Amino acid sequence: MTTVYLAGNIEGLSYGQATNWRKSAEEYLADHGIKTLNPMRGKESLDNGKVIGTEYKTITASEIFQRDVEDVLRSDVILAIITKPGLGTGFELGLAYAHGIPVVAVAWGDGVKNHPFLVGGGVSWYFEYIEDALYFIRCRWQDVDYVSTQGTNKGL
């Protein structure tokens, strides 16, 4: 079974902003027999109406780091939603790159989508919409014919 790690910003977002897209991705991919690894699992205590920082009450920094590294390394592909530069997401993408794990990225905003580490080779495929990226992952990892829904796909 294909496993997808759901990378993306957490720090500086509300709980809903950090989890809503991940929940939708989990549901869509599960409906198509694809497993996901969500770095927000076990962090329900952050659903307190505040912006997420770097300190958690239920899990240590070391536990977060170790779990996320293990999750990236046991994934077949990374789905990364990149809306602004982030240390954690950048590390996860670099780790994936170093281990030959492909990255499907969704990014917007010129400061992000044109970043050299994204367009210079750190991302295997780039999309502007998460729906297109999810459809692509489903097709690519289930040997389904892919029909492009946009004209800016990188690597197709």
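Laboratory data are not the source of any read-out in this text; all were calculated from the coordinates shown. Bear in mind that the values here come from a model prediction, so they are computed numbers and not experimental data. Every residue, glycine among them, receives a Cβ derived from its backbone with ideal geometry; neighbour counts consider all protein chains shown.
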Charge-dipole axis of region 69-129 as Lys and Arg at +1 and Asp and Glu at -1 on Cβ define it, positive-most pick from TRP125, PRO85, VAL104: PRO85
Ranked list, fewest to most other Cβ atoms within 10 Å of each Cβ, for LYS84, LYS50: LYS50, LYS84
Per-residue ³J(HN,Hα) for region 125-140, Karplus 6.51 cos²θ - 1.76 cosθ + 1.60, θ = phi - 60°, Hz, x for Gly and Pro: 9, 10, 9, 8, 10, 5, 4, 5, 5, 5, 4, 4, 4, 4, 5, 4
Using a Förster distance of 35 Å, the FRET efficiency for THR58-ASP145 (Cβ separation, nearest 0.05): 0.20
The chain: Lys pairs at Cα distance under 18 angstrom, eight or more positions apart or on different chains: 5
Interchain or long-range residues, amide H under 5 Å from GLY8's placed H: ILE81
Fewest-first sequence of LEU73, LEU37 by Cβ atoms within 10 Å of each Cβ: LEU73, LEU37
Crossing angle, helix 15-31 versus the chain [Cα axis fit, 0-90 degrees, rounded to tens]: 40 degrees
Within the chain: Cβ-based charge dipole about Cα centre, in debye rounded to nearest 20 (Lys, Arg +1; Asp, Glu -1): 180 debye
Per residue convex hull volume, Cα atoms of region 17-129, in Å³: 116 Å³
